[in-house]
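These notes concern the structure reproduced below.
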Amino acid sequence: DAGVTQSPTHLIKTRGQQVTLRCSPISGHKSVSWYQQVLGQGPQFIFQYYEKEERGRGNFPDRFSARQFPNYSSELNVNALLLGDSALYLCASSLTGWSTNEKLFFGSGTQLSVL
Amino acid sequence: RKEVEQDPGPFNVPEGATVAFNCTYSNSASQSFFWYRQDCRKEPKLLMSVYSSGNEDGRFTAQLNRASQYISLLIRDSKLSDSATYLCVVQFTSGTYKYIFGTGTRLKVLA
(Lines give C-alpha, C1' and ligand atoms only; values in the text may rest on other atoms or scores of the structure.)
Protein backbone atom coordinates (compact mmCIF):
# COMPACT_ATOMS: atom_id res chain seq x y z
CA ASP A 1 0.00 0.00 0.00
CA ALA A 2 1.15 3.51 -0.75
CA GLY A 3 2.05 5.71 2.16
CA VAL A 4 1.19 9.36 2.49
CA THR A 5 2.06 11.22 -0.69
CA GLN A 6 2.71 14.93 -0.95
CA SER A 7 3.36 17.16 -3.92
CA PRO A 8 5.35 19.00 -4.94
CA THR A 9 8.51 18.04 -3.04
CA HIS A 10 10.11 21.44 -3.49
CA LEU A 11 8.71 24.84 -4.35
CA ILE A 12 10.24 28.28 -4.76
CA LYS A 13 7.98 31.32 -4.63
CA THR A 14 8.37 35.06 -4.18
CA ARG A 15 6.80 37.23 -1.54
CA GLY A 16 3.14 38.00 -2.13
CA GLN A 17 2.50 34.94 -4.25
CA GLN A 18 0.09 32.15 -3.42
CA VAL A 19 0.88 28.45 -3.11
CA THR A 20 -1.13 25.21 -3.03
CA LEU A 21 0.27 22.04 -1.51
CA ARG A 22 -1.32 18.62 -1.97
CA CYS A 23 -1.58 15.49 0.12
CA SER A 24 -3.05 12.03 -0.33
CA PRO A 25 -3.50 10.01 2.87
CA ILE A 26 -2.98 6.31 3.37
CA SER A 27 -5.80 4.29 1.91
CA GLY A 28 -8.51 3.88 4.55
CA HIS A 29 -7.43 6.90 6.57
CA LYS A 30 -10.02 9.63 6.81
CA SER A 31 -8.13 12.31 8.66
CA VAL A 32 -5.45 14.61 7.31
CA SER A 33 -3.55 17.19 9.29
CA TRP A 34 -1.00 19.76 8.21
CA TYR A 35 2.13 20.89 10.01
CA GLN A 36 4.73 23.55 9.40
CA GLN A 37 8.30 22.84 10.42
CA VAL A 38 10.95 25.54 10.35
CA LEU A 39 14.60 24.64 10.76
CA GLY A 40 15.51 23.73 14.31
CA GLN A 41 11.91 23.49 15.52
CA GLY A 42 9.38 20.73 15.89
CA PRO A 43 6.36 20.55 13.57
CA GLN A 44 3.69 23.16 14.36
CA PHE A 45 0.05 22.16 13.94
CA ILE A 46 -1.83 24.12 11.25
CA PHE A 47 -5.07 22.22 10.49
CA GLN A 48 -6.82 18.93 10.96
CA TYR A 49 -9.56 17.66 8.65
CA TYR A 50 -11.83 14.69 9.05
CA GLU A 51 -14.55 13.69 6.61
CA LYS A 52 -14.10 16.99 4.76
CA GLU A 53 -14.69 19.07 7.87
CA GLU A 54 -12.17 21.18 9.70
CA ARG A 55 -11.77 19.69 13.16
CA GLY A 56 -8.84 21.69 14.43
CA ARG A 57 -6.88 24.81 13.67
CA GLY A 58 -3.55 25.93 15.04
CA ASN A 59 -2.34 29.44 15.67
CA PHE A 60 -1.80 30.50 12.07
CA PRO A 61 -3.10 33.60 10.24
CA ASP A 62 -6.06 33.55 7.88
CA ARG A 63 -3.66 33.49 4.95
CA PHE A 64 -3.52 29.76 5.61
CA SER A 65 -6.49 27.70 4.51
CA ALA A 66 -7.13 24.08 3.66
CA ARG A 67 -9.76 21.70 2.46
CA GLN A 68 -10.37 18.00 2.22
CA PHE A 69 -11.97 16.27 -0.73
CA PRO A 70 -14.41 13.34 -0.87
CA ASN A 71 -11.51 10.97 -1.58
CA TYR A 72 -9.88 12.28 1.65
CA SER A 73 -7.01 14.00 -0.15
CA SER A 74 -6.29 17.50 0.99
CA GLU A 75 -4.88 20.83 -0.12
CA LEU A 76 -3.19 23.50 1.92
CA ASN A 77 -3.26 27.03 0.52
CA VAL A 78 -1.13 29.90 1.64
CA ASN A 79 -1.83 33.40 0.30
CA ALA A 80 0.31 36.52 0.31
CA LEU A 81 3.47 34.59 1.07
CA LEU A 82 5.98 36.04 3.51
CA LEU A 83 9.63 35.20 3.90
CA GLY A 84 8.76 33.59 7.23
CA ASP A 85 6.55 31.04 5.50
CA SER A 86 9.67 29.29 4.25
CA ALA A 87 9.51 25.87 5.88
CA LEU A 88 8.94 22.18 5.44
CA TYR A 89 5.19 21.52 5.21
CA LEU A 90 4.21 18.10 6.41
CA CYS A 91 0.98 16.26 5.87
CA ALA A 92 -0.02 13.57 8.36
CA SER A 93 -2.58 10.85 7.84
CA SER A 94 -4.52 9.02 10.53
CA LEU A 95 -7.58 6.81 10.72
CA THR A 96 -9.88 9.31 12.37
CA GLY A 97 -7.76 11.87 14.23
CA TRP A 98 -10.16 11.42 17.16
CA SER A 99 -9.15 8.24 18.86
CA THR A 100 -6.88 8.06 21.85
CA ASN A 101 -3.42 6.74 21.04
CA GLU A 102 -4.00 7.08 17.32
CA LYS A 103 -0.75 7.25 15.40
CA LEU A 104 0.15 9.85 12.78
CA PHE A 105 1.88 8.85 9.55
CA PHE A 106 3.71 11.56 7.67
CA GLY A 107 4.41 12.26 4.06
CA SER A 108 7.90 13.31 3.01
CA GLY A 109 6.86 16.93 2.98
CA THR A 110 7.00 19.95 0.69
CA GLN A 111 9.99 22.23 1.14
CA LEU A 112 8.76 25.76 0.45
CA SER A 113 11.24 28.58 -0.07
CA VAL A 114 9.94 32.14 -0.25
CA LEU A 115 12.35 34.65 -1.78
CA ARG B 1 5.54 28.16 28.80
CA LYS B 2 5.66 25.79 25.84
CA GLU B 3 3.07 23.02 25.82
CA VAL B 4 5.73 20.38 25.22
CA GLU B 5 9.34 20.98 26.19
CA GLN B 6 12.46 19.06 25.35
CA ASP B 7 16.16 19.68 25.80
CA PRO B 8 17.33 20.38 22.23
CA GLY B 9 20.76 18.85 22.85
CA PRO B 10 22.82 17.85 21.02
CA PHE B 11 23.62 14.74 22.98
CA ASN B 12 26.92 13.33 21.74
CA VAL B 13 27.45 9.79 22.99
CA PRO B 14 29.84 6.96 22.05
CA GLU B 15 28.59 3.79 20.41
CA GLY B 16 27.28 1.35 22.97
CA ALA B 17 26.31 4.03 25.49
CA THR B 18 22.94 4.37 27.17
CA VAL B 19 21.23 7.72 26.72
CA ALA B 20 17.99 9.11 28.12
CA PHE B 21 15.79 11.97 26.98
CA ASN B 22 13.04 13.65 28.94
CA CYS B 23 10.07 15.63 27.80
CA THR B 24 7.62 17.65 29.90
CA TYR B 25 4.08 18.68 28.96
CA SER B 26 1.94 21.37 30.47
CA ASN B 27 -1.62 20.23 29.76
CA SER B 28 -2.89 17.75 32.31
CA ALA B 29 -5.71 16.78 29.91
CA SER B 30 -3.15 15.19 27.59
CA GLN B 31 -4.38 11.81 26.41
CA SER B 32 -1.68 10.02 24.48
CA PHE B 33 2.05 10.21 24.11
CA PHE B 34 4.52 9.22 21.44
CA TRP B 35 8.15 9.37 20.46
CA TYR B 36 8.94 10.07 16.83
CA ARG B 37 12.30 9.96 15.14
CA GLN B 38 13.29 12.45 12.46
CA ASP B 39 16.35 12.24 10.27
CA CYS B 40 17.76 15.42 8.80
CA ARG B 41 15.16 17.15 6.59
CA LYS B 42 13.06 13.99 6.37
CA GLU B 43 9.59 13.33 7.72
CA PRO B 44 9.04 12.23 11.33
CA LYS B 45 8.55 8.50 11.78
CA LEU B 46 6.85 6.84 14.70
CA LEU B 47 9.32 5.25 17.08
CA MET B 48 6.92 4.14 19.77
CA SER B 49 3.81 4.99 21.72
CA VAL B 50 4.20 5.61 25.43
CA TYR B 51 1.90 3.81 27.84
CA SER B 52 1.24 4.49 31.49
CA SER B 53 2.78 1.19 32.51
CA GLY B 54 5.92 1.89 30.49
CA ASN B 55 6.86 -0.07 27.42
CA GLU B 56 9.87 -1.46 25.69
CA ASP B 57 10.76 -2.13 22.07
CA GLY B 58 14.14 -3.76 21.71
CA ARG B 59 16.76 -1.28 22.86
CA PHE B 60 14.19 1.45 23.43
CA THR B 61 12.20 1.99 26.63
CA ALA B 62 9.55 4.65 27.12
CA GLN B 63 8.09 5.76 30.43
CA LEU B 64 5.20 8.06 31.34
CA ASN B 65 4.77 9.89 34.63
CA ARG B 66 1.34 11.52 34.62
CA ALA B 67 1.71 12.98 38.09
CA SER B 68 4.84 14.91 37.13
CA GLN B 69 3.73 15.35 33.51
CA TYR B 70 6.80 14.02 31.80
CA ILE B 71 7.74 11.21 29.48
CA SER B 72 11.13 9.69 28.88
CA LEU B 73 12.95 7.66 26.27
CA LEU B 74 15.88 5.43 27.09
CA ILE B 75 18.13 4.06 24.36
CA ARG B 76 20.47 1.25 25.33
CA ASP B 77 23.54 0.10 23.39
CA SER B 78 23.45 3.13 21.06
CA LYS B 79 24.21 2.50 17.39
CA LEU B 80 25.54 4.96 14.83
CA SER B 81 22.20 4.60 13.06
CA ASP B 82 20.40 5.98 16.12
CA SER B 83 21.77 9.45 15.27
CA ALA B 84 18.68 11.56 14.62
CA THR B 85 16.34 14.03 16.26
CA TYR B 86 13.83 12.54 18.69
CA LEU B 87 10.50 14.32 18.91
CA CYS B 88 8.20 14.05 21.89
CA VAL B 89 4.53 14.23 20.86
CA VAL B 90 1.50 14.76 23.05
CA GLN B 91 -2.07 14.27 21.92
CA PHE B 92 -4.77 16.11 23.81
CA THR B 93 -8.21 17.50 23.30
CA SER B 94 -9.31 21.06 23.82
CA GLY B 95 -12.48 20.91 21.78
CA THR B 96 -10.69 18.80 19.22
CA TYR B 97 -7.80 16.40 19.20
CA LYS B 98 -4.42 18.02 18.63
CA TYR B 99 -0.95 16.62 18.43
CA ILE B 100 1.68 18.91 19.89
CA PHE B 101 5.32 18.32 19.08
CA GLY B 102 8.32 19.25 21.13
CA THR B 103 11.29 20.97 19.54
CA GLY B 104 13.14 17.67 19.40
CA THR B 105 16.34 16.41 20.98
CA ARG B 106 19.30 15.84 18.71
CA LEU B 107 21.32 12.69 19.26
CA LYS B 108 24.68 12.02 17.68
CA VAL B 109 26.24 8.62 18.27
CA LEU B 110 29.99 8.69 17.75
CA ALA B 111 32.19 5.84 16.54
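The values are calculated or read from the model by the stated rules, or taken from the named source; none is laboratory data. Just so it is clear, the structure is predicted and the values come from calculations on it, not from any experiment. Methodologically, a virtual Cβ is constructed for each residue, glycine included, from the backbone with ideal geometry; neighbour enumeration extends over all protein chains shown.
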Taking B:S81 as the residue in question, decide whether it is under 29 Å from A:T9 (Cβ atoms), more than 13 Å from chain A (Cβ to nearest Cβ) and outside any strand (DSSP E or B). yes
Which of the following residues is of a type in the set (K, R) and facing another protein chain (nearest Cβ under 10 Å): B:R66, B:R106? B:R106
Looking only at the stretch A:82-112, which residues are crowded, with 17+ Cβ neighbours inside 10 Å, within 13 Å of A:I12 (Cα to Cα) and of a type outside the set (S, T, Y)? A:D85, A:A87, A:L88, A:L112
Can you find, within the stretch A:39-51, the residue that is farthest from the other protein chains (Cβ to nearest Cβ) among those that are farther than 25 Å from B:T85 by Cβ and surrounded by 14 or more Cβ atoms within 10 Å (Cβ to Cβ)? A:Y49
Matching residues, the stretch A:93-111, being at the interface with chain B (Cβ under 7 Å from one of its Cβ atoms) and assigned to a strand (DSSP E or B): A:F106
Residues of the stretch B:33-69 classified as more than 23 Å from B:A17 (Cα to Cα), surrounded by 14 or more Cβ atoms within 10 Å (Cβ to Cβ) and more than 12 Å from the chain's Cα centre (by Cα), total: 3
Would a scan of the stretch A:84-94 turn up a residue that is modelled with pLDDT of 95 or more, under 28 Å from B:S30 (Cβ atoms) and among the hydroxyl-bearing types (S, T, Y)? yes
In the list B:Y36, B:Y99, B:Y70, B:Y86, which residue meets the criterion of being closer than 20 Å to A:P43 by Cβ, modelled with pLDDT under 95 and in contact with a Leu (Cβ under 9 Å, 6 or more places away or on another chain)? B:Y99
So B:K2 passes all but one of these: (1) assigned to a loop (DSSP other than H, G, I, E, B); (2) more than 15 Å from B:F101 (Cβ to Cβ). Which condition number does it fail? (2)
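Each row is one residue, and each column tells you yes or no for (1) under 26 Å from A:Q36 (Cβ atoms); (2) aromatic (F, W, Y); (3) part of a loop (DSSP other than H, G, I, E, B); (4) away from chain A (no Cβ under 12 Å).
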| site | (1), (2), (3), (4) |
| --- | --- |
| B:T24 | yes, no, no, yes |
| B:N27 | yes, no, yes, yes |
| B:F34 | yes, yes, no, no |
| B:R37 | yes, no, no, no |
| B:C40 | yes, no, yes, no |
| B:A62 | no, no, no, yes |
| B:L74 | no, no, no, yes |
| B:D77 | no, no, yes, yes |
| B:T85 | yes, no, no, no |
